[in-house]
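Below is one structure, written out as structure tokens, with a few remarks after it.
The values are calculated or read from the model by the stated rules, or taken from the named source; none is laboratory data. Remember, it's a predicted structure, so these values are computed and weren't measured experimentally. Note that we place each Cβ from the backbone using ideal geometry, even for glycine, and neighbour counts take in every protein chain shown.
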Amino acid sequence: MSEQPGVAAPPPKSLVWSHDFQLYVVSRAISLVGSALTIVALPILVYGLTHSALWTSVVSVTEALPYLLVGLFAGVVADSRNRLRIMVAAELSSGLLLATIPLTNAMHALTPAQIAVVALLSRCMFVFFDAANFGELVTLVTDRGLPKANSVIYGGSSVIDIAGPVVAGVLLSVQSPVLLVTFDAATFVVSAVLLLNIRSKDDLPTTSGTGFQFTQRAKEGLVFLWNKRLVRNMTLVNALLCFSAGAFYAEVVVWADRTLHISRGNFRLGVLYGAFGVGAVLGSVASASMHDWMDAQTRRSLLFLAAGASGVATFLSPNWIASAIGVALWAFCYITTMISSITARQLSTPPELQGRVNIVGRSISLGIGWPLGAGAAGLIAAQWEARASLVACMLPLCAVGLYGLRHTGKPVIRDA
């Protein structure tokens, strides 16, 4: 849209809420709702077939593994092909893969191995979607609208993450998990149709290449990430955040049982999980405003220190209400810092490298940071106790926050 002489450019909000961005948000929300149901339904479906804890855990492993398996390849593809088409193809492929589960179940031929393979492959398709998504979002909202856009996206995702498992639990009491998987398959198709109606076009040329060219393109993304100090630091920030989150999810049930005397069937355990979700939603809403009125480095340092301190206080507290408040505060700091670092990485990366740089960053944070945090917490808890493991995994956040504040001098708050 052309601007009239003497008229100020529209504010970021108008850029964010364009027709194309609305289609993008609705498409993503529909897809996430279905996935939130499936993430609960698939383990239950596998356990119902096998009554095996090992088979059930295999499905959970597929959450992070695909980033390490296909992340770099997906990033190269996203930077050399039309990103919107990649997203559509990924959604349709995921829907078709999931549709095989109700089909084989109807033929009484469903096996746990098939479910595990479908879960892994559909998650791999999501990695391709995610790689293309980073660059496509910048195209839709431009740099000015990116902080607000990320706030909207991650806020909505947090709401779905809270409500999805609850809704799935209610539906599974009256419906088969196969029906929820069928619904998820349909949401992917609907999401693809909505994406096809987006009018914006990628400026990147479609290219092809040999294996050597693939290696060169992959190397370009890795070299940029490592040599660009801000991008490298934001990737390490996310990895440390995921380290602490991995520790939390690995040991929260054990900590609640042994420290707060909350058993798995107690409603207070649900309150603790819900507190995390509430904090994450509030952090998503606040992240865009904080981007405008606080210096970036000071903001991240303060949030790191607050996350570490609230985490330590939470896991040392013997009171479950205080612990729930602490979990909410920790989640607020976690999601706000995560959005800030992702936004900074996107803004610092050239359009032609968005897929490679961001998906490698995601692979490092989710594919490495999360499992390391979960593993470290488990090892410490095996030697001492869950409380000690969680406190130990929160202390690095305090250290990084203090280090950052030391190098920023006095916190400088900008005028609103």
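General observations
- Failed criterion for Leu196 (all others in (1) assigned by TED's automatic domain parsing to the domain that holds Ser340; (2) modelled with pLDDT of 75 or more hold): (1)
- Checking each residue of region 330-343 against the condition of being surrounded by fewer than 20 Cβ atoms within 10 Å (Cβ to Cβ) and out of contact with any Asp or Glu (no Cβ under 8 Å at 6 or more places or on another chain) gives no match.
- Annotation note: of Ser14, Ser57, the sole residue that is surrounded by fewer than 20 Cβ atoms within 10 Å (Cβ to Cβ), more than 23 Å from Leu171 (Cα to Cα) and modelled with pLDDT under 80 is Ser14.
- Residue within region 349-358 that is closer than 14 Å to Leu236 by Cα, among the hydroxyl-bearing types (Ser, Thr, Tyr) and assigned by TED's automatic domain parsing to the domain that holds Asn233 present: no
- Selected residue [at pLDDT below 80 and surrounded by 24 or more Cβ atoms within 10 Å (Cβ to Cβ)] from Ser284, Ser323, Ser289: Ser284
- Among residues of region 292-315, those that are of a type in the set (S, T, N, Q) and modelled with pLDDT of 80 or more, counted: 3
- Phe267, sole failed condition from (1) at pLDDT below 70; (2) under 25 Å from Gly71 (Cβ atoms): (2)
- Across region 70-83, a minimum of one residue is classified as surrounded by fewer than 20 Cβ atoms within 10 Å (Cβ to Cβ), at pLDDT 80 or above and touching an Asp or Glu at 6+ places or on another chain (Cβ under 8 Å).
- Applying the set (1) under 24 Å from Val77 (Cα atoms); (2) at pLDDT below 85 to Lys148 leaves exactly one unmet item: (1).
- Taken as a whole, region 154-167 holds no residue that is hydroxyl-bearing (Ser, Thr, Tyr), assigned to a loop (DSSP other than H, G, I, E, B), surrounded by 15 or more Cβ atoms within 10 Å (Cβ to Cβ) and at pLDDT 70 or above.
- Listed by first and then second residue, the pairs linking a residue in region 342-354 that is more than 18 Å from Leu366 (Cβ to Cβ) to a residue that is surrounded by fewer than 16 Cβ atoms within 10 Å (Cβ to Cβ), with Cβ atoms under 6 Å apart and 6 or more places separating them unless they lie on different chains, are Leu347/Asp143; Ser348/Leu230.
- For region 111-135, the set of residues classified as crowded, with 18+ Cβ neighbours inside 10 Å and not in a helix (DSSP H, G or I) is empty.
- Members of region 342-371 found to be of a type in the set (S, T, N, Q) and over 17 Å from Ala218 (Cα atoms), listed by number: Thr343, Gln346, Ser348, Ser365
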